[in-house]
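Okay, structure first, notes after.
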Amino acid sequence: MHILVTGGAGYIGSHTVQELLRAGYRVTVLDNLSRGHMAVAQVLDGAEFVWGDIADRELVVGLVRSRGIQAVLHFAALSLVGESMAEPSLYYHNNVVKGLSLLEAAREAEVPCFIFSSTAAVYGEPVQVPIEEDHPLAPTNPYGATWCWWPPPGVSGKSWTGAPLRRRGNHRPHGLGVAPAASRGL
């Protein structure tokens, strides 16, 4: 199976790529490197790296069709809470507008499986712990709010499966000894 991993040179994406390769999957990474790291892409032996943006519908459709991609794992999101408070429109544009563009391109190319990396920030302050998937959505910042619309109504069907992968916390990209924010001086 061939899998497209968006944001594969960043936090969670790079670890996912490494695990997919270990499990024997073919992997193509699509990353614009606005937050990801070329150094990470270079240590992901066995994965194809494509520099590009998830909003480039022609690129995404072309990649999917030319490589026979059967699943998209979407990790190309902005994820800094403080920055989302200072620049909410940046987060809505990247996480919602570009995310929808990616989703539409995947559907156009008839990819049967689309999994997006969401966040526990959609729940805000938890009512109960552990947080269950049906916990009320109550984000406390624009970053969390940008993920409340996933999955959009109607994305699942006979030939299409869409699912969220909720996560908590920041992680280091595969192959680097420091967190990306720390390496950028943030």
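Each reported figure results from applying straightforward, stated rules to the coordinates on display, with no laboratory input. Because the structure is predicted, anything quoted here is derived from the model rather than measured. A quick note on method: Cβ atoms are made from the backbone with ideal geometry, for glycine too, and the neighbour counts reach across all protein chains shown.
In whole Å, what is the distance between the alpha-carbon centres of region 7-24 and region 29-99?
So the two Cα centres are separated by 13 Å.
Report relative contact order for region 25-139 in percent, whole number only (criteria: Cα-Cα under 8 Å, sequence separation at least 6).
RCO, region 25-139: 25 percent.
Quick check: residue separation of residue 138 and residue 58 times 0.36 nm, minus the Cα distance between them. What number comes out in nm? It would help to have the intermediate numbers written out before the result.
Values: separation 80, 0.36 × 80 = 28.80 nm, distance 3.52 nm.
The residue 138-residue 58 span can extend by a further 25.3 nm.
Which of the GluC sites (Glu not before Pro) found in region 63-139 are loop residues per DSSP with 11 or fewer other Cβ atoms within 10 Å of their Cβ?
Working: sites: 83, 104, 108, 110, 132, 133; in loops: 110, 132, 133.
Counting only loop positions with at most 11 other Cβ atoms within 10 Å, the GluC sites (Glu not before Pro) in region 63-139 are 132, 133.
Given the Cα-Cα distance of residue 113 and residue 101 and 0.36 nm per residue of separation, how much length would full extension add, in nm?
2.7 nm
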